[in-house]
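Asker: Can you read through this structure? Questions will come right after.
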Amino acid sequence: MAKPVAPTSSRRPHRLTIVLAPWCPHCVPLSVTNGRRLAKRLRVPLRILDIDHRAQEKAADRLVRAYGDGAPDYLIPQVFLEWTDGTVEHLLTGFSEQVPRTARAWRDLFASDWLRSVVKAVPR
Amino acid sequence: MTRRGAIPPVLRRALAAPGGRCYRHCDRPIRTRRLASRLPGAWQVRACPSGVVSVTVYTEWTRRDPTKAVREELRRWTVPASLVRRWDLRLATRHGPELGRAAERFLAAQRPRRGVRVVYWRVYPFRGRDGKERRLFVCARTAHRSPVFFAALSSGPTPECPVCARRR
């Protein structure tokens with residue numbers, strides 16, 4: 001299971017990736033908007049992998065199976081932070097209960113100690 | 001907390017997801033009902049007043065993936081057991097930062113580290129051989145020891161649970 005990690009002098013956030021589908025209300029616009037915001041705070045590019053897009057689906061499946069919450073028909077959205085040392089951190093999976101619960105998870109992520117420590121260590 | 005994997009109150013509060021309405025059925029408010037089981041984690045079934053299940057949620061504080069145990073338990077509760085299909089079970093891991101400050105600090109202080117694993121069981125409406133739409137229902141009457149999940153026509157009066165019907 002992935003655990004929250006903080007940057008060190010040798011590693012920094014490299015890229016934020018969201019695995020999503022355009023028809024999913026937990027994904028669009030909620031997670032795309034928040035993903036852009038998070039990428040900006042981390043000063044990294046945002047990559048979106050659409051599971052309905054054949055070429056992107058394979059990369060999405062690989063990422064989810066290796067680092068995320070894999071299942072035969074896995075949950076979306078799933079959000080990953082890639083680091084410069086090659087590690088990948090799973091940050092968030094949508095809450096299947098309802099969209100407002102996923103929105104709360106994004107708000108909590110922005111207010112988290114983890115994000116504060118990562119942003120503080122990212123060079124300006 | 002008595003059992004390994006049980007959800008402490010701080011995490012239970014952080015994971016709560018109250019509210020919601022019965023989607024594309026009756027639009028009445030969803031009720032969340034806890035289910036008892038021999039597994040260490042917590043079960044919740046989110047269903048409308050007629051018993052139409054929106055989603056069934058199993059949550060355990062653990063490093064392992066509980067999907068297999070969840071599937072076995074659900075198969076015991078479901079008539080017929082074949083309604084519990086592998087691809088309807090979806091895993092989610094909650095790490096802490098997305099659960100609010102209290103839960104984040106609680107999880108960060110634990111050694112060894114464990115996250116929260118959640119398994120969702122969602123059965124979408126489907127059509128039977130007669131072409132009519134069926135949905136998943138739950139009967140949680142105390143007349144039987146465990147809940148009973150079953151599929152029935154989504155239109156018309158609230159259907160009777162097959163276990164209750166057998167006992168009459």
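Asker: Please work out if B:Arg75 is at the interface with another protein chain (Cβ under 8 Å from one of its Cβ atoms) and of a type in the set (D, E, K, R).
Answerer: Spelling it out, it is not the case that B:Arg75 is at the interface with another protein chain (Cβ under 8 Å from one of its Cβ atoms) and of a type in the set (D, E, K, R).
Asker: Residues B:Thr62, B:Thr93, B:Thr67: which one is facing chain A (nearest Cβ under 10 Å), more than 16 Å from the chain's Cα centre (by Cα) and of a type in the set (S, T, N, Q)?
Answerer: Going through B:Thr62, B:Thr93, B:Thr67 in turn, just one is facing chain A (nearest Cβ under 10 Å), more than 16 Å from the chain's Cα centre (by Cα) and of a type in the set (S, T, N, Q): B:Thr62.
Asker: Further, regarding this structure: Restricting to the stretch A:97-109, name every residue that is within 7 Å of chain B (Cβ to nearest Cβ), touching a strand residue (DSSP E or B) at 6+ places or on another chain (Cβ under 8 Å) and modelled with pLDDT of 95 or more.
Answerer: Residues satisfying the conditions are A:Ala105, A:Leu109.
Asker: For residues in the stretch B:30-55 being over 24 Å from A:Leu75 (Cβ atoms) and not hydroxyl-bearing (Ser, Thr, Tyr), which is surrounded by the most Cβ atoms within 10 Å (Cβ to Cβ)?
Answerer: My answer is B:Gly51.
Asker: Is it true that A:Thr93 is crowded, with 18+ Cβ neighbours inside 10 Å, hydroxyl-bearing (Ser, Thr, Tyr), closer than 18 Å to B:Val118 by Cα and more than 7 Å from every other protein chain (Cβ to nearest Cβ)?
Answerer: The answer is no for A:Thr93.
Asker: Still on this structure, I have one more. List every residue pair whose Cβ atoms lie under 7 Å apart, where the two residues are 6 or more positions apart in sequence or sit on different chains, the first residue falls within the stretch A:39-53 and is within 16 Å of A:Cys27 (Cα to Cα), and the second residue, located anywhere, is hydroxyl-bearing (Ser, Thr, Tyr) and modelled with pLDDT of 95 or more.
Answerer: From the stretch A:39-53, the pairs are A:Arg47/A:Thr17; A:Leu49/A:Thr17.
Asker: Please go through the stretch A:49-90 and pick out each residue that is within 7 Å of chain B (Cβ to nearest Cβ) and within 19 Å of B:Ala17 (Cβ to Cβ).
Answerer: Hits for the stretch A:49-90 are A:Asp69, A:Leu75.
Asker: Given the criteria aliphatic (A, V, I, L, M), within 13 Å of another protein chain (Cβ to nearest Cβ), outside any loop (DSSP other than H, G, I, E, B) and closer than 28 Å to A:Gly35 by Cβ, does B:Val57 qualify?
Answerer: yes
Asker: Output the number of residues of the stretch B:112-144 satisfying the condition of being among the basic types (Lys, Arg), over 20 Å from B:Pro9 (Cβ atoms) and either away from chain A (no Cβ under 14 Å) or over 16 Å from the mean Cα position of the chain (by Cα) (or both).
Answerer: Residues meeting the conditions: 6.
Asker: When only residues in the stretch A:30-69 that are out of contact with any strand residue (DSSP E or B) (no Cβ under 7 Å at 6 or more places or on another chain) and small (Gly, Ala, Ser) count, which is farthest from A:Pro123 (Cα to Cα)?
Answerer: Per the stated criteria, the residue is A:Ala55.
Asker: Still on this structure: B:Val45: closer than 17 Å to A:Ser96 by Cβ, touching a residue at least 60 places away in the same chain (Cβ under 8 Å), in contact with a His (Cβ under 6 Å, 6 or more places away or on another chain) and not polar (S, T, N, Q), yes or no?
Answerer: It is false that B:Val45 is closer than 17 Å to A:Ser96 by Cβ, touching a residue at least 60 places away in the same chain (Cβ under 8 Å), in contact with a His (Cβ under 6 Å, 6 or more places away or on another chain) and not polar (S, T, N, Q).
Asker: Let me ask another. Here is a check on your reading of the model: is B:Arg94 closer than 30 Å to B:Arg135 by Cβ and in contact with a helix residue (DSSP H, G or I) (Cβ under 6 Å, 6 or more places away or on another chain)?
Answerer: No, not satisfied.
The values are calculated or read from the model by the stated rules, or taken from the named source; none is laboratory data. These numbers come from a predicted model, not from an experiment. Cβ atoms come from the backbone with ideal geometry, glycine included; neighbour counts cover every protein chain shown.
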